[in-house]
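Visitor: Right, I'll just put the structure down here and ask away after.
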2 protein chains.
Amino acid sequence: RIVAELEQALDASPDLPGALPVDAPPAHDDTAPAPDPQAAPGTSALLSGLHVAITAGPTREAIDPVRYLSNHSSGRMGFALAEAAVALGARVTLISGPVSLATPVGVERIDVISALDMLAAAERVAPHCDWFIGCAAVADYRLARISDHKLKKQSDHGELTLNLIENPDIIATVAARRSPPWTLGFAAETRELAQYAGDKLRRKGLDMIAANDVTAPGVGFGAEDNALTLYHRSDADPEQLASHVLPTRHKRALAEALLRYAHDRYRARQPR
Amino acid sequence: RIVAELEQALDASPDLPGALPVDAPPAHDDTAPAPDPQAAPGTSALLSGLHVAITAGPTREAIDPVRYLSNHSSGRMGFALAEAAVALGARVTLISGPVSLATPVGVERIDVISALDMLAAAERVAPHCDWFIGCAAVADYRLARISDHKLKKQSDHGELTLNLIENPDIIATVAARRSPPWTLGFAAETRELAQYAGDKLRRKGLDMIAANDVTAPGVGFGAEDNALTLYHRSDADPEQLASHVLPTRHKRALAEALLRYAHDRYRARQPR
């Protein structure tokens, strides 16, 4: 479906700026020439008229009334995207898991705790937005059964088994809608970035994926800075991945560069 | 052992203020007369000369490089105790799990992540402190094996089992030392407060335990206010529990009332 739409978009507008991204092998690509998104004209109103939904932060999956499963997402990247999108003229709805960050000015914020909460919020927003950016580190699994009472230590045997079941995939659910918004996913990986990110792009039916290696020093979870490698289907051959590297910088500056590149891709996809 | 020491303390000093706590059945007790710790003399230097170690906050137990198990402890109660203890003249070492709270002025702080980290810090501090207050919500369990890489979704079956093993009990380990500090534990319970708290007191060999019902509205994890019921061995019959209720108030005020009551108990125990 995505491939068909991409081809349609290319047929309709073969000379859009978005038709010129790097067609590179699915790997880090620091050298290939690329359009500089910072140099794009009409900066402050680039996303004017667009409604951008962004998920951010971790989700928490309750084990019992006091314990939970979570992850190290600080929410900073998603909040930086929300702030940058507003600055670029978009209407922004931010669906946030539990984080300790202030809401950027001009952003509509919906607070959620669990992945199921976040899915419900995403499904309410998805029909009305133009872009859906899944930046939250959604827990892949939740407890098969949440205990009503605090689980007690069993003194006679020092082991406990937690039975988890898979959470729904929020951005894949959004991308599978009949008329989906343009979708950008994130992949926080600890190895084989290109392979996992490419798999995720195809399996979830996304338009673009932004991958970072959370084990790289000074970037990722909790850090002020981040670096991303963007993957999307190649314009020349939709079966191939194209990649574009956004090198390390403050998450706010990185967010703006990402949104500018995303806008090129969005225009390339949209037949006008 | 503790019972023997208590009896010894009672024999040596039958008329200390600490020998007069409420001897009540092991249940909430709002009515029995009790010495008012707020009225104690020598307020600001009450704990002068004492080194008080306090654990605070949750611990995080890694599942893989990005995921963890944790709990809803904010660290507020432990930090309030640290601040109040310094104000009462104590030297304070605060061993804190991951929280977003500023270090109270005059407090020595040791930051830790996991229960094993916290145990190591506690074992370094325990030989040198007079009181050990275990206010942290230490994870009872950790992963049997921490994955080096982010666990991947297994698309072919939507279930995952986490195998957990019991963490060491930090305050029980401290209380089991040959010359233990005076120990105060906390119990965050969702039901049968007196029974679980009494069991914990005996099983861990503690001098006192402070219990709160985390399901009560407006108190406990994350809240500004808290209420506690204190349990310790009855002076009249060490096989019985005595209880003392500290009603709902701001955690900082509650911390001071708790330390004053603890000081009475500490003096009652110490043969002079």
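The values are calculated or read from the model by the stated rules, or taken from the named source; none is laboratory data. If you're wondering where the values come from, they're calculated on a predicted model, not measured in any experiment. Neighbour counts run over all protein chains shown; Cβ positions are idealised from the backbone, glycine included. Quick note on the areas: whole protein, heavy atoms, side chains included, nothing else; ligands and nucleic acids left out. Shrake-Rupley method; radii C 1.70, N 1.55, O 1.52, S 1.80 Å.
Visitor: Report the semi-axes of the equivalent ellipsoid for the stretch A:70-168 in whole Å, largest first, where each axis is √(5λ) for an eigenvalue λ of the Cα gyration tensor. It would help to have the intermediate numbers written out before the result.
Guide: On the way: eigenvalues 234, 43, 22 Å².
Working through the eigenvalues yields semi-axes of 34, 15, 10 Å.
Visitor: If we hang a label 7 Å off Cα along the beta carbon direction at B:Ala120, how far is it from the matching labels on the other copies, in nm, shortest first?
Guide: 4.2
Visitor: Here is a follow-up. What does the copy distance list look like for B:Gln195, label position 7 Å along Cα→Cβ, in nm and ordered from shortest?
Guide: Label-point distances to the other copies, shortest first: 5.3 nm.
Visitor: Grab the residue from chain A whose Cβ hugs the A-to-B rotation axis most tightly, plus its distance in whole angstrom.
Guide: Chain A residue with minimal Cβ-axis distance: A:Leu162, 2.
Visitor: Shielding of B:67-76 by partners, i.e. mean partner chain Cβ atoms within 10 Å per residue?
Guide: Mean inter-chain Cβ contacts per residue within 10 Å come to 4.
Visitor: Sorted from shortest, what are the nm distances separating the label point of B:Ser44 from equivalent points in the other copies, each placed 7 Å from Cα along Cα to C-beta?
Guide: Once sorted, the set of distances for B:Ser44 reads 5.5 nm.
Visitor: Within the set of other residues whose C-beta is less than 10 Å from the C-beta of A:Glu83, count the net charge using Lys and Arg as +1 and Asp and Glu as -1.
Guide: Details: positive: A:Lys251, A:Arg252; negative: A:Glu256.
For residues surrounding A:Glu83, the net value is +1.
Visitor: Please give the FRET efficiency for A:Ala172 paired with B:Glu192, using the beta carbon to beta carbon distance and R0 = 60 Å, rounded to the nearest 0.05.
Guide: Calculated transfer efficiency: 0.85.
Visitor: Just tell me how shielded A:196-204 is by partners: mean number of partner chain Cβ atoms within 10 Å of each residue's Cβ, no decimals.
Guide: Shielding by partners across A:196-204 averages 1.
Visitor: Which links in A:Lys150/B:Lys150; A:Lys150/B:Lys200; A:Lys204/A:Lys251; B:Lys200/B:Lys251 stretch past 21 Å when you go from one Cα to the other?
Guide: Over 21 Å apart, Cα to Cα: A:Lys150/B:Lys150; A:Lys204/A:Lys251; B:Lys200/B:Lys251.
Visitor: In whole percent, how big is the carbon plus sulfur part of the accessible area of the stretch B:107-196, probe 1.4 Å, protein atoms only? Kindly include the intermediate steps, with their values, before the conclusion.
Guide: On the way: 1950 of 4170 Å².
Within the stretch B:107-196, the accessible surface is 47 percent carbon and sulfur.
Visitor: A:Gly185: net charge of surrounding residues, Cβ under 10 Å, Lys/Arg +1, Asp/Glu -1, itself excluded?
Guide: 0
Visitor: Order of A:230-237, B:195-202 by packing, highest average Cβ count within 10 Å first?
Guide: Working: A:230-237: 20.6, B:195-202: 19.0.
Descending mean neighbour count gives A:230-237, B:195-202.
Visitor: Other chains near B:56-65: what is the mean number of their Cβ atoms within 10 Å of each residue's Cβ? It would help to have the intermediate numbers written out before the result.
Guide: On the way: counts 0, 0, 3, 0, 2, 0, 1, 5, 2, 10.
The shielding value for this peptide is 2.
Visitor: Sort B:94-105, A:85-96 by packing, meaning the average of other beta carbons within 10 Å per residue, with the highest value first.
Guide: A:85-96, B:94-105
Visitor: Here's something else I'd like to know. Under a Cβ-Cβ cut-off of 11 Å, what is the net charge of the residues other than B:Ile54 that fall near it, where Lys and Arg count +1 and Asp and Glu count -1?
Guide: Working: positive: B:Arg109; negative: B:Glu83, B:Glu108.
Around B:Ile54, the charge tally is -1.
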